[in-house]
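To keep things clear, I will list the structure first and then write my remarks on it.
Please treat every number below as a calculation from the coordinates, not as lab data. If you're wondering where the values come from, they're calculated on a predicted model, not measured in any experiment. Cβ atoms come from the backbone with ideal geometry, glycine included; neighbour counts cover every protein chain shown.
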Amino acid sequence: MSTSNSNIYKDDIDFAALSLTDPDFAKVLKPNGQLDFSSPESVQQLTKSLLKRDFGLEISLPPDRLCPPVPNRLNYILWIQVLLDTTSDSYKDVYDLEREVLGLDIGTGASCIYPLLGCSQRSKWRFAGTDLDEKSLQSARQNVQANGLQNRIKLLQTQPTDPLLPLYKMKFENIDFSMCNPPFYESKAEMLTSAASKQRPPFTACTGSENEMVTPGGEVAFVSRMIEESLVLRHRVQWYTSMLGKFSSIAVLVQKLRNKGIGNYAVTEFVQGSKTRRWAIAWSFEDLRPTMGVARGVSSLQKSLMPFPSEYLIASSSGSITVGQRVNVILSQLPLQWMWEASISTGIGFSEKAVWSRATRRQVARKQGDAVEYNDPEMTLGFKIHVEPNPGDESGTKVTIRWLKGHDTVLFESFCGMLKRKIEDSTK
């Protein structure tokens with residue numbers, strides 16, 4: 001059972017190998033070793049066999065409900081894991097085994113696949129799942145029970161008039177994230193046209209019911225509704241997220257977030273082999289910033305729509321030990337919180353304002369000696385600095401400033417500019 005953030009399905013699935021370990025899958029595999037993707041039974045068996053072999057999960061699926069492709073769903077779960085790992089208040093950018101996480105899966109479906117995958121990967125994760133459809137929820141409940149996860153997955157049937165994030169109904173004060181795989185299409189006609197334009201119909205269209213695939217206004221309208229709800233809930237959810245089926249939806253939704261003053265957001269792309277491409281968007285009212293790899297994961301998106309870069313690089317011709325010592329001296333002289341670990345050439349710091357400006361330095365000189373508690377919540381800027389030699393035979397040093405905390409992009413840029421100037425001045 002995988003607990004890492006790497007996707008075990010990077011390469012195409014070896015059907016022959018799977019058939020050797022699973023007699024049920026062997027029955028649906030054609031003599032030439034191929035799978036008939038036009039057959040709902042074959043596609044369902046693939047999903048069941050992968051969940052059983054790779055995650056120890058047993059599920060049943062009704063024939064007239066969406067059959068989720070496992071690799072694509074795993075991609076989304078893995079991204080949320082890294083999104084949370086790189087925005088925890090430990091500032092370590094790694095998986096915290098002890099962190100208890102509660103997520104909400106909006107429209108969990110008959111499979112309940114996201115909560116099942118999330119719980120199978122991380123032992124401290126719990127989920128709530130909602131769905132409008134009674135038949136889907138009955139199946140989801142059976143799958144939760146079949147895997148003994150009743151204590152970690154709570155399911156709720158919602159009504160069309162309910163909020164998409166019914167925290168009050170579930171009696172949750174706060175949750176760590178919400179996730180959703182919204183209906184992609186605006187109408188049944190659009191769904192059929194999309195399927196007909198592909199070389200083979202996507203196998204999700206084989207078994208999905210209309211309410212799983214179609215919603216008025218399509219996914220943009222659906223996620224826009226989530227954005228409006230988030231403006232009310234705000235900090236009660238650390239990360240609001242949704243998968244997207246259309247690349248064109250990203251730009252529209254990013255613009256909506258910006259128009260609402262939401263600057264801490266992330267976008268990514270999920271590519272599965274050469275066939276399936278999906279995207280995802282996330283946003284937060286908190287000031288913890290994810291890494292660049294998590295937040296800026298759509299290479300084809302125009303740069304102006306990308307989240308503000310959370311990393312800044314400084315190149316120096318000096319050796320890394322010298323540069324590390326210089327960074328420590330520069331920041332130790334400023335009235336901010338600063339801890340430097342020379343053994344790993346990494347430091348972490350917090351500041352409540354631009355204490356490197358002349359005006360602030362004069363103020364501080366008048367009231368020296370005021371101690372500040374480490375990582376006070378009032379701190380408006382948090383950063384991590386890592387100093388390392390350039391790779392290979394290249395001489396010189398690379399300094400990476402990672403923006404950990406804050407809403408103020410100008411403050412972060414000002415800090416990076418100050419440090420760059422001082423490092424450069426010291427090597428002249």
Only helical DSSP H runs with n ≥ 4 go in: add -39500 (n - 2.57) per run for the chain, normalise by residue count and round the 222 nm mean residue ellipticity to 500 deg cm²/dmol. -11000 deg cm²/dmol
Proxy exposure order for Met170, Met226 (fewest C-beta within 10 Å first) is Met170, Met226
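Which entries of Lys260/Lys405; Lys10/Lys135; Lys303/Lys405 show an alpha-carbon separation above 29 angstrom in the structure shown?
Values: Lys260/Lys405 20 Å; Lys10/Lys135 33 Å; Lys303/Lys405 22 Å.
Over 29 Å apart, Cα to Cα: Lys10/Lys135.
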Provide Arg99, Arg152, Arg73 in ascending order of the number of other Cβ atoms located within 10 Å of each residue's Cβ, fewest first. Arg99, Arg152, Arg73
Calculated from backbone phi, Karplus (6.51, -1.76, 1.60) coupling profile of the stretch 167-181 in Hz, x at Gly/Pro: 4, 5, 5, 8, 6, 9, 6, 9, 9, 7, 7, 10, 9, 7, 10
Can you list residues whose amide H is under 5 Å from Leu149's amide H, if they're 5+ apart or on another chain and H is modeled 1.01 Å from N? none
If we sort 36-43, 82-89 on the protection proxy, mean other Cβ atoms within 10 Å, highest first, what's the order? 82-89, 36-43
Among 307-314, 389-396, 323-330, how do they line up by average Cβ neighbours within 10 Å per residue, starting with the highest? 323-330, 307-314, 389-396
Relative contact order for the stretch 15-305, counting Cα pairs under 8 Å that sit 6 or more residues apart, in percent: 16 percent
Restricting to Cα pairs under 8 Å and 6 or more apart, the percent relative contact order of the stretch 26-79 works out to 24 percent
Given charges of +1 on the Cβ of Lys and Arg and -1 on the Cβ of Asp and Glu, with all other atoms neutral, how large is the dipole of the chain about its Cα centre, in debye to the nearest 20? 860 debye
Can you list residues whose amide H is under 5 Å from Thr108's amide H, if they're 5+ apart or on another chain and H is modeled 1.01 Å from N? Thr130, Asp131
So, counting K/R as plus one and D/E as minus one, what does the shell of residues with Cβ under 13 Å around Phe247 add up to? +1
The set of residues whose placed amide H lies less than 5 Å from the amide H of Arg296, leaving out same-chain residues fewer than 5 positions away, is Val267
